[in-house]
Amino acid sequence: MEPEGGASGELAEGVSYSITTRDGADGLPVVNVKLTMTPEAKARWTLSAAYEGKGETHPDTLTAAYELAEVLWRQGSADEAVELFRYVVAGRRTVIGHGHPDTLAATSSLARALEELGELGEAEQLTRMVWGEQVHASGEADPEALRSLARLARLTLAQNRPAEAEQLVRRALAGRERSLGQDHRDTLRSRNDLAGALRAQGRLEDAERLYRQVADDAGRLLGPADSLSSDARANQAAVLAHQGRWAEAELHYRTVVDLRVRNAGVGHVDTLSTQSNLASVLHGAGKVGEAEALMRTVVEGYSGLFGADHPRTVSAMSNLAAMAHRRGDRAEAEALCRKVVAAYERRFGPGDPRTAEARANLRLVMETGR
């Protein structure tokens, strides 16, 4: 029998083929052709076929668009995902109604993607609407309604309304304790959120104690490598850093970074987020060189995952600019600040508070160099 031969290549973006040939037992050639599609390519093909065969508002077309949007969002292509989510939400509202569970699921996904892009106001508005529909349909104790309420609390906190966030998260926590129990993952998550609201109001000792309790309980119930345990431990480290307890904060952050590298990988968004916080702590502790090197790694990692204009990338770039400025490198600090201003202007517009703050930072760097 002759040895196998063959060929391989790419038919289109995300679609590859491989051909193998061999002589069969009867002397005739046997040819095997294998097509391989990436999840994105498969989702795009499914959407295109549904769109052409069934129309733009058919339920199958909207489902295909939703699935493609989810794939894109997981890959970090949040801008394109948002446009598809908007299309699905509009279509489902027309076809099956505003309050249908599928419409609400798509609306929640749109809000989640908008939150990732820093569009917190619209994300809050959509989440509040979803929560209201779920409460109307199933009552406030419904697990999905409680999940939306918890998201609403986090969005409120992210927009610097900690007292309101505390009220919302206590409401979600009470509902979860009643319906799910003290040890349920969602209940622990709400306790973690409550600690965040307390921290934002300056109640640092209460926040640190609650974060520690959540980390310990999550570690005991779910394992120390569980994301909730790691999140709580990282949040506890942030409070310790705010109190100037640099050594304790650094120890916690290094532990969480090691766990996330093992579980998710070096370039994962959760790993990069914790490395960013660790870099800030190292800088506060006077370990300037290590801090700046780590923050450069974070900027490069976010840029590779999400692009140069993504809020995560730009925020890390702003932190790197501050480090360069404190080190006395005005030229690099100014160059980075200009990139931050340009990115915020493109994404949020010239009148957004984030853009105004970035301009103020640029002016500060320029004035100190005169």
Self-check item: Residue that is of a type in the set (Lys, Arg), closer than 16 Å to residue 233 by Cα and at pLDDT 95 or above, where the choices are 260, 254
Solution: 254
Self-check item: Restricting region 130-172 to residues that are open to solvent by 20 Å² or more (accessible area, probe 1.4 Å), of a type in the set (A, V, I, L, M) and more than 24 Å from residue 106 (Cβ to Cβ), the residue that is farthest from the chain's Cα centre (by Cα)
Solution: 163
Quiz prompt | Pairs with Cβ under 7 Å, 6+ apart, first in region 96-120 and over 16 Å from residue 159 (Cα atoms), second not in a helix (DSSP H, G or I) | solution = 102/96; 103/96; 103/97
Self-check item: Wholly within region 201-301, helices (runs of 4 or more DSSP H) carrying at least 1 residues that are closer than 29 Å to residue 76 by Cβ, of a type in the set (Val, Ile, Thr) and open to solvent by 20 Å² or more (accessible area, probe 1.4 Å)
Solution: 246-263, 269-284
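Select from region 286-302 the residues that are of a type in the set (Gly, Ala, Ser) and at pLDDT 95 or above and list them in ascending order.
Going residue by residue through region 286-302, those that are of a type in the set (Gly, Ala, Ser) are 286, 289, 291, 293, 301.
If the condition is that a residue be of a type in the set (Gly, Ala, Ser) and at pLDDT 95 or above, then 291, 293, 301 are the ones that fit.
Would you check if residue 43 is under 30 Å from residue 119 (Cβ atoms), in contact (Cβ under 8 Å) with a residue 40 or more places away in the chain and surrounded by 14 or more Cβ atoms within 10 Å (Cβ to Cβ)? Full working, then the answer.
Values: under 30 Å from residue 119 (Cβ atoms): yes; in contact (Cβ under 8 Å) with a residue 40 or more places away in the chain: no; surrounded by 14 or more Cβ atoms within 10 Å (Cβ to Cβ): yes.
In short, no.
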Exercise. Name the one entry in 124, 133, 80 that is of a type in the set (D, E, K, R) and modelled with pLDDT under 95.
Key: 80
Quiz item: So which pairs qualify, if the first residue must be in region 338-355 and under 16 Å from residue 308 (Cα atoms) and in a helix (DSSP H, G or I), the second must be open to solvent by 40 Å² or more (accessible area, probe 1.4 Å) and among the hydrophobic types (A, V, I, L, M, F, W, C), the Cβ gap must be under 8 Å, and the two must be at least 6 apart or on different chains?
Solution: 339/308; 343/308
Quiz item: Residues in region 219-257 that are among the polar types (S, T, N, Q) and under 17 Å from the mean Cα position of the chain (by Cα): how many?
Solution: 3
Quiz item: With respect to the numbered conditions (1) in contact with a helix residue (DSSP H, G or I) (Cβ under 8 Å, 6 or more places away or on another chain); (2) open to solvent by 50 Å² or more (accessible area, probe 1.4 Å), which one is the sole condition not fulfilled by residue 187?
Solution: (2)
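The values are calculated or read from the model by the stated rules, or taken from the named source; none is laboratory data. These numbers were taken from a predicted model, which means no experiment stands behind them. Using ideal geometry, Cβ is built from the backbone for each residue, glycine included, and neighbour counts are taken over all protein chains shown. SASA here: full protein model, heavy atoms, side chains in, ligands and nucleic acids out. Shrake-Rupley method; radii C 1.70, N 1.55, O 1.52, S 1.80 Å.
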